[in-house]
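The values are calculated or read from the model by the stated rules, or taken from the named source; none is laboratory data. Because the structure is predicted, anything quoted here is derived from the model rather than measured. Cβ coordinates were reconstructed from backbone atoms using ideal geometry, including for glycine residues, and neighbour counts include every protein chain displayed.
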Amino acid sequence: MDTRTRTILMWSGVGVLVVVGIIMISLAFGGGSDEAPEQELNAIQTHAAETIAAQVQTLQSGMLSPTPGSFVVLPTATGGAGLPSPTLPVQTPILIPTVTTVPGGASGCDNAAFISDVTIPDGTVVAPGQTFTKTWRVTNNGTCAWTATYQVIFLYGEGMSGKATAIGKTVKPGESADISVALIAPAATSGNLTGTWRLSNDKSQPFGTLLTVVIKSGATGTMTVTPTKTTTPTVGVTPYPAVP
């Protein structure tokens, strides 16, 4: 029980005692029948009990009901420079770099690396309308064997009337092969011409290094084929002085 409750009960009891005392004194000196004082005493006790009950009920109501003014009202910003709005931290997204496959790099099942131009080296002069065969030597540096149905296909540049051509052989990982395609130098175009080709597997998925054919076509030009130089290794002999 808190201080307020004790104070109310104390003063209620004091009030009742004062009233009872006054009435008792009045009865002692005022005289009258025995029934009247008894009735008055009962009335006093009843009144005192009702008074205490009313005080207790009032106290309980005050304890249960919220006290006015106990709520704190925050001011509302109306225009102008109000209260600063809370700023929630924003997590910066982390960009994961993507892996780009460089043509010719050893990666995956199907892959190819360029070795050399077997025919028609870059810059070969070809007469307009002349038919020729371009051959590249490549290595299977993937992990899967190439089948005979694998093709060399045109990607972009000058097509030179070339068509997708099957390699016609099986090339196992680590082996090299010569891949060829038949071409025709354009009759209406002169100057340096470049066409880009690439190998494709049996699912029509291009792979491996880019294969290019670069020719020089002219009205009076004639095809000049420069043979590929083959280097033959030699065994060196170190001379020793004669023994006398």
Original post:
Within the stretch 114-157, which strands (runs of 3 or more DSSP E) (wholly inside it) include 2 or more residues that are more than 20 Å from THR209 (Cβ to Cβ)?
Top reply: 124-126, 131-139
Subject >> When residues of the stretch 1-40 are limited to those that are in a helix (DSSP H, G or I) and among the small types (Gly, Ala, Ser), the one modelled with the lowest pLDDT >> reply: ALA36
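Any chance you could count how many residues in the stretch 171-200 are part of a loop (DSSP other than H, G, I, E, B) and touching a strand residue (DSSP E or B) at 6+ places or on another chain (Cβ under 6 Å)?
From the stretch 171-200, those part of a loop (DSSP other than H, G, I, E, B) are 172-175, 185-190; that's our starting set.
This time we only want the ones that are touching a strand residue (DSSP E or B) at 6+ places or on another chain (Cβ under 6 Å), so: 185, 190.
Total meeting the criteria: 2.
Going by the structure shown, is SER176 more than 15 Å from THR131 (Cα to Cα), free of Cβ contacts under 8 Å to residues at least 12 places away in the same chain and either among the small types (Gly, Ala, Ser) or surrounded by 15 or more Cβ atoms within 10 Å (Cβ to Cβ) (or both)? Spell out how you get there, then give the answer.
Working: more than 15 Å from THR131 (Cα to Cα): yes; free of Cβ contacts under 8 Å to residues at least 12 places away in the same chain: no; either among the small types (Gly, Ala, Ser) or surrounded by 15 or more Cβ atoms within 10 Å (Cβ to Cβ) (or both): yes.
The answer is no for SER176.
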Original post:
Within the set of pairs 6+ apart or on separate chains, which have a first residue in the stretch 125-147 that is among the charged types (D, E, K, R), a second that is part of a strand (DSSP E or B) and crowded, with 19+ Cβ neighbours inside 10 Å, and C-beta atoms under 6 Å apart?
Top reply: LYS134/VAL181; LYS134/LEU183; LYS134/VAL213
Subject >> Selection within the stretch 148-180 - touching a Leu at 6+ places or on another chain (Cβ under 9 Å) and within 20 Å of ALA113 (Cβ to Cβ) >> reply: TYR150, GLN151, VAL152, ILE153, LEU155, ILE167, ILE179
Subject >> Total residues in the stretch 121-148, condition farther than 12 Å from THR194 by Cα, among the β-branched types (Val, Ile, Thr) and out of contact with any Gly (no Cβ under 9 Å at 6 or more places or on another chain) >> reply: 4
**OP:** Return yes when GLY104 is closer than 23 Å to GLN205 by Cβ, within 40 Å of the chain's Cα centre (by Cα) and modelled with pLDDT under 95 and no when it is not.
**Re:** yes
**OP:** Restricting attention to the stretch 137-163, report how many residues are crowded, with 19+ Cβ neighbours inside 10 Å and among the β-branched types (Val, Ile, Thr).
**Re:** 3
Subject >> Candidates LYS134, LYS169 - the one that is surrounded by fewer than 19 Cβ atoms within 10 Å (Cβ to Cβ) and of a type in the set (Lys, Arg) >> reply: LYS169
Original post:
Filter the stretch 187-215 for residues that are at pLDDT below 95 and in contact with a Gly (Cβ under 7 Å, 6 or more places away or on another chain); which is nearest to TYR150 (Cα to Cα)?
Top reply: ALA187
